[in-house]
1. Condition (residue is of a type in the set (Ser, Thr, Tyr), assigned to a strand (DSSP E or B) and either under 16 Å from the mean Cα position of the chain (by Cα) or modelled with pLDDT under 95 (or both)) applied to the range 46-59: is it met by at least one residue?
2. So which residues in the range 92-116 are within 13 Å of the ligand (Cβ to nearest atom), surrounded by fewer than 19 Cβ atoms within 10 Å (Cβ to Cβ) and assigned to a loop (DSSP other than H, G, I, E, B), if there are any at all?
3. Just to check your reading of the model, which residue among 142, 102, 109 is among the small types (Gly, Ala, Ser), in contact with an Asp or Glu (Cβ under 8 Å, 6 or more places away or on another chain) and in contact (Cβ under 8 Å) with a residue 40 or more places away in the chain?
4. Name the residue, out of 15, 9, 48, that is under 15 Å from residue 88 (Cβ atoms) and in contact (Cβ under 8 Å) with a residue 24 or more places away in the chain.
5. For residue 73, state whether it is under 22 Å from residue 15 (Cα atoms), crowded, with 17+ Cβ neighbours inside 10 Å and within 16 Å of the ligand (Cβ to nearest atom).
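The values are calculated or read from the model by the stated rules, or taken from the named source; none is laboratory data. For clarity, every value in this text was computed on a predicted model and none was experimentally measured. Note that each Cβ is placed from the backbone with ideal geometry, even for glycine, and that neighbours are counted across all protein chains shown.
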Amino acid sequence: MSTPIIVFDHLEELDSESKYLVHKAKEATAHAYAPYSKFHVGAALVLDDGTIVTGANQENASYPLCMCAERVALYSAAATHPGKKILKLAVAAHKKNHKELSSATCCGSCRQVLHEVEMNQNNPIEIIMYTADKKWVKSTSSALLPLGFTKESMEL
Ligand SMILES: [Zn+2]
């Protein structure tokens with residue numbers, strides 16, 4: 001299920017669906033609750049029926065309770081569209097009052113959750129992210145989390 005990591009110099013080089021998902025992820029940053037980090041993250045995913053589900057990071061004064069945009073979108077999709085496969089997920093971020101995008105690659109926790117969703121649905125999830133060196137990356141959670149921990153790891 002592993003797919004190589006594909007790097008693009010410009011957003012325009014991505015396919016139209018990916019660009020649209022990045023656009024929706026950017027829009028979703030408006031719903032971030034980020035009074036502490038001031039780092040507004042949005043995620044947008046598309047389901048196999050074409051439905052788009054978005055999420056935005058949600059922070060809390062008790063920092064460990066914060067939730068990433070990707071997991072907000074993933075859990076929302078699971079709760080509101082059970083049984084649908086997730087085909088693709090894009091992430092976008094910016095600092096408060098900044099128009100230009102900041103790098104936002106999925107954290108390890110989100111990669112772990114993405115990996116399990118991908119395994120459960122037996123279908124890869126394409127992930128689109130913007131890296132610190134200002135490149136766009138397209139890959140899958142399996143490629144982003146090699147040797148990931150799975151439920152099979154506990155079945156001895
Ligand atoms: Zn995360």
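1. Looking through the range 46-59, at least one residue is of a type in the set (Ser, Thr, Tyr), assigned to a strand (DSSP E or B) and either under 16 Å from the mean Cα position of the chain (by Cα) or modelled with pLDDT under 95 (or both).
2. 105, 107
3. Going through 142, 102, 109 in turn, just one is among the small types (Gly, Ala, Ser), in contact with an Asp or Glu (Cβ under 8 Å, 6 or more places away or on another chain) and in contact (Cβ under 8 Å) with a residue 40 or more places away in the chain: 142.
4. 48
5. It is true that residue 73 is under 22 Å from residue 15 (Cα atoms), crowded, with 17+ Cβ neighbours inside 10 Å and within 16 Å of the ligand (Cβ to nearest atom).
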